[in-house]
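The values are calculated or read from the model by the stated rules, or taken from the named source; none is laboratory data. Note that this is a predicted model, so its numbers are computed, not measured. Neighbour counts run over all protein chains shown; Cβ positions are idealised from the backbone, glycine included.
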Amino acid sequence: MQSWISNIARSCARYAGSLAAGIVLLLGAAGAAFAGMGQPSDWQVNFQGAASPVAESIHSFHNFLLVIIISVVLLVLVLLIVVMVRFNEKANPVPSKTTHHTLIEVLWTVVPVLILVAIAIPSFRLLFLELNIPKADLTVKITGHQWYWSYEYPDNGAFTFDSLMLTDEERKPDQPRLLAVDNEVVVPVGKVVRIQVTSGDVIHSFAMPSFGVKIDALPGRLNESWFQATREGMFYGQCSELCGKDHAFMPIAIRVVSEQDFASWIEEAKKKFAANEAPRPTYAVNDAVAGAGIALSATR
Ligand SMILES: [Cu+2]
């Protein structure tokens, strides 16, 4: 009795493990083929391409979880099939009266605990990576409004500008619909960008899939996060908190450029946005109370 149980358990584990690995490889390949870099793509089945250390860690954690989940599901499926085939009324007319099996009971307690510990360790490592902001090379302050974003560069001339979605008429043919904006955020490649996110009216959420960033923009609160773009190019994100009727039309566009290009953009931007109002001081508590939920008149 013991031996066939351990035989089945061993072959199940082997079968489930290799099948899970195969499925993950397949999904990974399909994902890599269809995942866009910096923006969604047709038939995409996986995450958008990773372009920051945090996004890369999120992807590997996701793949690791996928192996565990698929293995567990397959193991349970195989066990169910074994039960149905070997122990149905026809195949096994006189059922055994066995009620306890110490080894199996210990195993089905210890193995799930080990699986949870194995998940917890990389999960906490990822959380620390996201929340422990390294020494920043530059800071961008981001304010969500109904329904656009505004950006400030406090340590690069303290200019500020609004970023609004381009309509179909304004858009160039190579710019993606519902994602392209008039004023893009520009950051240098390879530099740690600290983002400070808040809101001028209701709750928004600043989300950039390729950078592994998603953080709420709350009136009266300054949330911090960071990213370090590992490659140059255009990256798009969207507001990810239902914030009103034009929630779907306040995209985020970040252009990652070389350090020299960034320096010349800063000089241009200082002149271009010089006429904009001086950056407000960090949100005060009184403003927050006045702004929370009721300030629907987004002034521009
Ligand atoms: Cu929003």
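For the stretch 204-248, name all the residues that are within 15 Å of the ligand (Cβ to nearest atom), part of a helix (DSSP H, G or I) and either out of contact with any Leu (no Cβ under 9 Å at 6 or more places or on another chain) or farther than 24 Å from Gly49 by Cβ (or both).
His247
Of all residues in the stretch 167-189, which are of a type in the set (A, V, I, L, M) and more than 22 Å from Glu241 (Cβ to Cβ)? Reasoning before the result, please.
Here is the first cut: in the stretch 167-189, the residues of a type in the set (A, V, I, L, M) are 178-181, 185-187, 189.
Answer for the stretch 167-189, where residues must be of a type in the set (A, V, I, L, M) and more than 22 Å from Glu241 (Cβ to Cβ): Val186, Val187, Val189.
I'd like to check which strands (runs of 3 or more DSSP E) are fully inside the stretch 80-176 and have at least 2 residues that are among the hydrophobic types (A, V, I, L, M, F, W, C) and surrounded by 11 or more Cβ atoms within 10 Å (Cβ to Cβ).
Once the strands (runs of 3 or more DSSP E) in the stretch 80-176 are filtered for at least 2 residues that are among the hydrophobic types (A, V, I, L, M, F, W, C) and surrounded by 11 or more Cβ atoms within 10 Å (Cβ to Cβ), what remains is 138-145.
For Val192, which of the numbered conditions (1) modelled with pLDDT of 95 or more; (2) over 14 Å from Val54 (Cβ atoms); (3) more than 17 Å from the chain's Cα centre (by Cα) fails to hold?
(2)
Can you pull out every residue in the stretch 123-166 that is aromatic (Phe, Trp, Tyr) and either more than 16 Å from the ligand (Cβ to nearest atom) or free of Cβ contacts under 8 Å to residues at least 24 places away in the same chain (or both)?
Here is the first cut: in the stretch 123-166, the ones aromatic (Phe, Trp, Tyr) are 124, 128, 147-149, 151, 153, 159, 161.
Phe124, Phe128, Tyr153, Phe159, Phe161 - these are the residues of the stretch 123-166 that are aromatic (Phe, Trp, Tyr) and either more than 16 Å from the ligand (Cβ to nearest atom) or free of Cβ contacts under 8 Å to residues at least 24 places away in the same chain (or both).
Which members of the stretch 167-203 meet the condition of being among the hydroxyl-bearing types (Ser, Thr, Tyr), within 16 Å of the ligand (Cβ to nearest atom) and more than 20 Å from Ile133 (Cα to Cα)? Walk me through how you get there before you give the answer.
The first filter runs over the stretch 167-203 and keeps only residues among the hydroxyl-bearing types (Ser, Thr, Tyr), leaving 167, 198-199.
Pick out the ones that are also within 16 Å of the ligand (Cβ to nearest atom) and you get 198-199.
Once the filter is applied, which keeps residues that are among the hydroxyl-bearing types (Ser, Thr, Tyr), within 16 Å of the ligand (Cβ to nearest atom) and more than 20 Å from Ile133 (Cα to Cα), the stretch 167-203 yields only Ser199.
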